[in-house]
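The values are calculated or read from the model by the stated rules, or taken from the named source; none is laboratory data. Just so it is clear, the model here is predicted, and its values are computed rather than measured. In this analysis, Cβ positions are derived from the backbone assuming ideal geometry, glycine residues included, and neighbour counts consider all displayed protein chains. What goes into the accessible areas is simple: the full protein's heavy atoms, side chains included, and nothing from ligands, DNA or RNA. Shrake-Rupley method; radii C 1.70, N 1.55, O 1.52, S 1.80 Å.
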Amino acid sequence: MIDLILKKGKERSLLRRHPWVFDTAVQRLTGKAASGETVRVVSHDGRFLAWAAFSPVSTLRARCWSFDETEVIDDAWFAKKIHDAVAAREPLRERSNALRLIFGEADGLPGLIVDQYADCVVTQFQSAGVEAHRELIADLLMKETGCRTIFDRSDAATRKREGLEMRSELLRGEEPPEAIEAVEDGVRYGVDVRIGHKTGFYVDQRESRLTAQKVAEEFRRVHGRGMRALNCFCYTGGFSLALLKGGAAEVVSVDSSQDALDMAKANAERNGFEANRAKFVCEDVFTYLRKLRDAGETFDLVILDPPKFASNHHQVDRAARAYKDINLNGLRLLTPGGQLFTFSCSGAISVELFQKIVAGAVFDAHVNAWAVGRFGGGADHPLLMTYPEGEYLKGLHLLVRP
Ligand code: SAH
């Protein structure tokens, strides 16, 4: 077993059980370790810190499997990790068959993302450590889930940083159908695991979609009519369908991708929603929000769930301006008493910064607003308390006051 010896003082984050070892923290290795090989991480004076997977090219030089010296990182160890992760999601199954089964670092398997859609499992191997155990992990997933298919979507750009090739292929079982039907809180969604974003669907927005459904129901109860809503960056219609299910009178869904809109439309039909309640618009949101305002259009609810505007801290300022712009123009379209669901999935934008940006937009829009709720990933995207980087998705539910 090769030792990875840290520089003096660099043991501190590991002693707090943070799972990453940066290249700059490494003093030397006692031998040549292969990509993904398990190494023993020790402090400069030889104290055991962790078992970790070595990654020769990544700035994340090693990612920790375990901080317990007595543990052995073998097949049985992986079997237990995967079993525990899958078991932890069991309570969600009564609401949905679209679940994140494994959320990387939070599940003690750094770099491994596993989502399940009905009887299809989709994997993303984003670190050298999990890549080296790919076949074992695939076998264990088949066993734990009883699924028919594992499709590997290891095609995220993050693979390059680990020195791994991008890959998108069938890993186990039968070819998945073009659209797998997932059912979440009574709504049907078609998921294309081959070409869809991430693993095909935004599983992380389950709780926010349920809130959208409830808000639409409540609006109908209180006002005696269905709400008019605008869903910006709608992708395959996640929020739109939840609102229609909740009884919204009209939902305008906007995206710049016609393919995404086609799927969103098919999803609306899949649920039997009347076509006149669901409008789909292929436009750039930044310009479309201005067009709507010029046309004097108003909405009872606006949803802003854009793609990641900042991929790293260098992009934070530019991203902040983009978030401010859509939030300001989104707020301007609201009726008095209207609501805004606004999100950021940029890890580089903190919860506090996002709140400040939205507060700036509220101020500039000359409205008074309450935040009546906060959004985040669901129970299948838990925040490991020793790993704050895991919190990427954040959102606010605003209510415009008279
Ligand atoms: N809200 C979605 C996920 C959004 S993903 C859900 O809950 O499922 C981001 C989406 O924004 C993608 O579908 C992408 O096509 C779209 N997009 C990116 N930039 C855009 C722009 N400037 N205008 C409109 N849509 C855009």
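Under 8 Å by Cβ, and 6 or more places apart or on different chains, what pairs join a residue from segment 268-285 that is closer than 11 Å to Val252 by Cβ with one that is more than 16 Å from the ligand (Cβ to nearest atom) and among the aliphatic types (A, V, I, L, M)?
Final answer for the pair search is Arg277/Ala249.
Can you report the number of residues in segment 13-28 which are open to solvent by 20 Å² or more (accessible area, probe 1.4 Å) and either in contact with a Gly (Cβ under 8 Å, 6 or more places away or on another chain) or under 21 Å from Glu71 (Cα atoms) (or both)?
First, pick out the residues of segment 13-28 that are open to solvent by 20 Å² or more (accessible area, probe 1.4 Å): 13, 15-18, 20, 22-24, 26-28.
Narrowing further to those that are either in contact with a Gly (Cβ under 8 Å, 6 or more places away or on another chain) or under 21 Å from Glu71 (Cα atoms) (or both): 13, 15-18, 20.
Total meeting the criteria: 6.
Would you mind listing the helices (runs of 4 or more DSSP H) fully within segment 237-314 where at least 2 residues are under 21 Å from Glu181 (Cβ atoms)?
Details: elements: 238-245, 258-270, 285-294.
Per the criteria, 238-245, 258-270.
Tell me whether segment 199-207 contains one or more residues that are more than 24 Å from His397 (Cα to Cα), within 15 Å of the ligand (Cβ to nearest atom) and either open to solvent by 10 Å² or more (accessible area, probe 1.4 Å) or in contact with a Ser or Thr (Cβ under 9 Å, 6 or more places away or on another chain) (or both).
Our first condition is that a residue be more than 24 Å from His397 (Cα to Cα); within segment 199-207, this holds for 199-200.
This time we only want the ones that are within 15 Å of the ligand (Cβ to nearest atom), so: 199-200.
With either open to solvent by 10 Å² or more (accessible area, probe 1.4 Å) or in contact with a Ser or Thr (Cβ under 9 Å, 6 or more places away or on another chain) (or both) added as a condition, the list becomes 199-200.
Checking segment 199-207: at least one residue is more than 24 Å from His397 (Cα to Cα), within 15 Å of the ligand (Cβ to nearest atom) and either open to solvent by 10 Å² or more (accessible area, probe 1.4 Å) or in contact with a Ser or Thr (Cβ under 9 Å, 6 or more places away or on another chain) (or both).
List every residue pair whose Cβ atoms sit under 7 Å apart, with the two residues 6 or more apart in sequence or on different chains, where the first one lies in segment 379-395 and is in a strand (DSSP E or B) and the second, anywhere, is β-branched (Val, Ile, Thr) and modelled with pLDDT of 95 or more.
Lys394/Val351; Gly395/Thr342
Name the single residue that is surrounded by the fewest Cβ atoms within 10 Å (Cβ to Cβ) among those in segment 328-361 being within 14 Å of the ligand (Cβ to nearest atom), under 21 Å from the mean Cα position of the chain (by Cα) and small (Gly, Ala, Ser).
Looking at the filtered set, the residue picked out is Ser346.
Do we find that Asp325 is in contact (Cβ under 8 Å) with a residue 24 or more places away in the chain and within 16 Å of the ligand (Cβ to nearest atom) in this structure? Show your work before the answer.
Numbers: in contact (Cβ under 8 Å) with a residue 24 or more places away in the chain: yes; within 16 Å of the ligand (Cβ to nearest atom): yes.
Yes: the conditions hold for Asp325.
Kindly indicate whether Ala33 is aliphatic (A, V, I, L, M), within 23 Å of Ser13 (Cα to Cα) and in a strand (DSSP E or B).
Criteria not met by Ala33.
If we keep just the residues of segment 308-322 that are of a type outside the set (Lys, Arg) and within 13 Å of the ligand (Cβ to nearest atom), which is least open to solvent (accessible area, probe 1.4 Å)?
Once the filter is applied, the top-ranked residue is Ala319.
Suppose we filter segment 51-87 for residues that are farther than 23 Å from Leu4 by Cβ, touching a residue at least 40 places away in the same chain (Cβ under 8 Å) and open to solvent by 70 Å² or more (accessible area, probe 1.4 Å); how many remain? Outline the logic, then answer.
As a first pass, look at segment 51-87 and keep what is farther than 23 Å from Leu4 by Cβ: 76, 79-80, 82-87.
Subsequent filtering for residues that are touching a residue at least 40 places away in the same chain (Cβ under 8 Å) retains 79, 82-83, 86.
Applying the additional criterion that residues be open to solvent by 70 Å² or more (accessible area, probe 1.4 Å) yields 83.
Final tally of qualifying residues: 1.
Which one of Leu243, Leu289 is under 16 Å from Gln205 (Cβ atoms) and touching a strand residue (DSSP E or B) at 6+ places or on another chain (Cβ under 8 Å)?
That would be Leu243, the only listed residue that is under 16 Å from Gln205 (Cβ atoms) and touching a strand residue (DSSP E or B) at 6+ places or on another chain (Cβ under 8 Å).
What's the number of the condition Ala264 fails, among (1) within 12 Å of the ligand (Cβ to nearest atom); (2) open to solvent by less than 10 Å² (accessible area, probe 1.4 Å); (3) under 20 Å from Leu328 (Cα atoms)?
For Ala264, the exception is condition (3).
Residues Leu109, Leu210, Leu136: which one is crowded, with 23+ Cβ neighbours inside 10 Å and either charged (D, E, K, R) or not in a strand (DSSP E or B) (or both)?
Of the residues listed, the single one that is crowded, with 23+ Cβ neighbours inside 10 Å and either charged (D, E, K, R) or not in a strand (DSSP E or B) (or both) is Leu109.
In segment 267-307, how many residues are more than 26 Å from the chain's Cα centre (by Cα), open to solvent by less than 60 Å² (accessible area, probe 1.4 Å) and within 15 Å of the ligand (Cβ to nearest atom)?
Number satisfying all stated conditions: 1.
Name, by its number, the condition in (1) open to solvent by less than 70 Å² (accessible area, probe 1.4 Å); (2) out of contact with any helix residue (DSSP H, G or I) (no Cβ under 6 Å at 6 or more places or on another chain); (3) closer than 23 Å to Ala138 by Cα that does not hold for Val41.
(3)
Would it be correct to say that Arg225 is more than 12 Å from the ligand (Cβ to nearest atom), modelled with pLDDT of 95 or more and part of a strand (DSSP E or B)?
Numbers: more than 12 Å from the ligand (Cβ to nearest atom): yes; modelled with pLDDT of 95 or more: yes; part of a strand (DSSP E or B): no.
In short, no.
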